[in-house]
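**Student:** Sharing a structure, written as structure tokens. Questions coming.
The values are calculated or read from the model by the stated rules, or taken from the named source; none is laboratory data. The structure presented is a predicted model; accordingly, all values stated were derived computationally and were not measured. No Cβ is skipped: glycine too gets one built from the backbone with ideal geometry, and neighbour counts run over all protein chains shown. Note: accessible area is taken over every heavy atom of the protein model, side chains too, but ligands, DNA and RNA are not part of it. Shrake-Rupley method; radii C 1.70, N 1.55, O 1.52, S 1.80 Å.
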Amino acid sequence: MIYLDYSATTPVSKEVLDSYVKVTKEYIGNPNSLHSLGTKSHELLESATKQISEVLNIDEKEIIYTSGSTEANNLAILGYALRNMKKGKNIVVSRLEHPSIYVICDHLKTLGFTITYVENNAEGLIDFDDLRSKIKDDTILVSIVAVNSELGIRQPLKTLRQIIKKQNENTVLHSDMTQAIGKVNVNLHDVDLASLSSHKIYGPKGIGMLYKSEKINIDPIIHGEKDSLRSGTPCLPLVVAFSKAIRLAITNEAKNESVVKMLNDKLTSTIIKYPKIMINKTNYSIPHVFNLSLMTIRPETFIHALEKRDIYVGTNTACSKGGTSATIMAIYDDEKRANTSIRISLSHLTSFDDLNKFLYSFDIVYNKLLELGDENE
């Protein structure tokens, strides 16, 4: 098997899985229980949280565990909007977000909020002047993804936050950092709220977190425990596994990125030779994501043809399940390009042998489908 869909999800690393299994077997107490088994579990929960706080350079109280980034996005945006709606009802978002952001915004519209979309330039960076013009007195929150999931475009969050605060010091910045953490260096202090997920960094599914600056107040979206922003029994094995996944991802970040960069260079130099294929990439795309448009071939046809060869790539984001790419439309304004894109996402686990085998099969599948011509258009 050749797996090239790491932006959708990653396999759980052996070290992380070992931690999960060990905690599942040896820590059976509810961390909220008062007896010794509960105390033992609670102490491990605090230890795992402390490790995350140290690795990310944040306070332990600024960590809120969630089921993943989608819940974290909801808690951040919906939670902040509901808490601060008396201060204003305008929220600004980019056109390069994960689909979950737009669904949350659609829900907020039903509650009387207005959503403003900030434009990006040809390279995919947020247009600074447009951002300045979109921040109004009633703008309570801006949400801008740290690294776009389709083209891997990385945003200068620190600069964006400075622009936002200069326009309105009360406006907070949220960023979905799901595709950034463990791939590129991030500083959570560049934002006020940030969403992270375990299964993108070789950890288990079902666990993530919201970073919430201690200066920010939000309302819970899950109710069940007084004075808790996220009620429910903490899933200790998932938290410990997540903690280890974060530590490993951050520790090996630079080394892994250099490997992925070489893989991306090889991929780019090969795919660029196909005259009818368009590479969707800007100067701000991180090397982990390689996006291309087949133009004359349906992406789902191509993906399933590769799957028969035990090769797995993606299309758009995993949650969008194909369709027109909003990101490519925002960058290139080309509907055909946006309708025929596939995403190849790389990892330090990808070998050059795997990549060469993929490129060999890519050529066979592409030329075979190209011969079919109009049947696939």
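**Student:** So what's the angle, to the nearest 10 degrees on a 0 to 90 scale, between helix 99-110 and the longest Cα principal axis of the chain?
**Tutor:** 60 degrees
**Student:** Still on this structure, I have one more. Assuming a ≥ b ≥ c are the square roots of the Cα gyration tensor eigenvalues, decide whether segment 1-62 counts as rounded (a/c under 1.5), prolate (otherwise, with a/b larger than b/c) or oblate.
**Tutor:** oblate
**Student:** Once the other residues with Cβ under 12 Å from the Cβ of Ile126 are scored (Lys, Arg +1; Asp, Glu -1), what is the net sum? It would help to have the intermediate numbers written out before the result.
**Tutor:** Details: positive: Arg95, Arg132, Lys134, Arg154, Arg161; negative: Glu97, Glu119, Glu123, Asp127, Asp129, Asp130.
Net local charge, Ile126 excluded: -1.
**Student:** Over the Cα atoms of segment 240-377, what radius of gyration and what Dmax do you get, in Å?
**Tutor:** Cα only, segment 240-377: 15.9, 52 Å (Rg, Dmax).
**Student:** Tell me the trypsin sites (Lys or Arg not before Pro) within segment 276-375 that lie in a loop according to DSSP and have at most 13 other beta-carbon atoms within 10 Å.
**Tutor:** Working: sites: Lys276, Lys281, Lys308, Arg309, Lys321, Lys336, Arg337, Arg343, Lys357, Lys368; in loops: Lys276, Lys281, Lys308, Arg309, Lys321.
Within segment 276-375, the qualifying trypsin sites (Lys or Arg not before Pro) (loop, at most 13 other Cβ atoms within 10 Å) are Lys276, Lys308, Lys321.
**Student:** Write down the Kirkwood hydrodynamic radius of segment 1-121, to one decimal in angstroms, obtained as one divided by the mean of 1/r over all alpha carbon pairs.
**Tutor:** After inverting the mean inverse Cα-Cα distance, the result is 18.1 Å.
**Student:** Rank Gly124, Gly79, Gly203 by mean-square fluctuation in a GNM of the chain with C-alpha springs under 10 angstrom and give only the top-ranked residue.
**Tutor:** Sorting by GNM fluctuation, first place goes to Gly79.
**Student:** In vacuo Debye scattering of segment 132-285, one point per C-alpha: log10 I(q)/I(0) at q = 0.12, 0.17, 0.20 Å⁻¹?
**Tutor:** Log10 I(q)/I(0), no solvent term: -0.67, -1.12, -1.30.
**Student:** Residues with beta-carbon under 15 Å from that of Lys261, excluding Lys261: net charge, scoring Lys, Arg +1 and Asp, Glu -1?
**Tutor:** +2
**Student:** Quick one: work out the % antiparallel among DSSP beta bridges in the chain, nearest 5.
**Tutor:** 55 percent
**Student:** For a test of the definition: using alpha carbon positions, the gyration tensor, and the 1.5 limit on a/c, classify segment 327-371 as rounded, prolate or oblate.
**Tutor:** Here segment 327-371 falls in the oblate category.
**Student:** What Kirkwood radius, in Å to one decimal, follows from the Cα pairs of the chain?
**Tutor:** Roughly 21.7 Å, rounded to one decimal.
**Student:** How big is D, in µm² s⁻¹, for segment 75-139 by Stokes-Einstein at 37 °C and 0.692 mPa s if Rh is the Kirkwood radius over C-alpha pairs?
**Tutor:** 264 µm²/s
**Student:** Could you give the length gained by full extension between Lys86 and Ser33, i.e. 0.36 nm per residue of separation minus their alpha carbon distance, to one decimal place?
**Tutor:** This chain segment gains 15.3 nm when fully extended.
**Student:** Out of all Cα-Cα pairs in segment 259-311, roughly what percent, to the nearest whole number, are more than 17 Å apart? Don't jump to the answer; show the numbers that get you there.
**Tutor:** On the way: 639 of 1378 pairs.
Counting pairs separated by more than 17 Å, the tail of P(r) holds 46 percent.
**Student:** If I model segment 74-204 as equal point scatterers sitting on the Cα atoms and use the Debye formula, what is log10 I(q)/I(0) at q = 0.10 Å⁻¹?
**Tutor:** Computed log10 I(q)/I(0) values: -0.29.
**Student:** Taking Cα atoms, how many degrees apart are the long axis of helix 352-372 and the longest axis of the chain, rounded to 10 and kept between 0 and 90?
**Tutor:** 60 degrees
**Student:** Moving on. On the Cα set of segment 128-207, report Rg and Dmax in Å, please.
**Tutor:** 13.6, 41
**Student:** Using alpha carbons only, how many degrees (0 to 90, rounded to 10) separate the axis of helix 236-251 from the longest principal axis of the chain?
**Tutor:** Around 60 degrees separate the two axes.
**Student:** Take the alpha-carbon centre of segment 74-90, take the same for segment 101-119, and report the distance between them in whole Å.
**Tutor:** Rounded to whole Å, the Cα centres lie 11 Å apart.
**Student:** Sticking with this structure for a sec: Given a 1.4 Å probe, how much area per residue of segment 234-377 is accessible, in Å²?
**Tutor:** Result: 46 Å² of accessible area for each residue.
**Student:** Between the alpha-carbon centers of segment 221-276 and segment 291-312, tell me the distance in whole angstrom.
**Tutor:** Distance between centres, Cα-based: 25 Å.
**Student:** In whole percent, and with a 1.4 Å probe on the protein chains, what portion of the accessible area of the chain is carbon and sulfur?
**Tutor:** Exposed carbon and sulfur together represent 51 percent of the surface.
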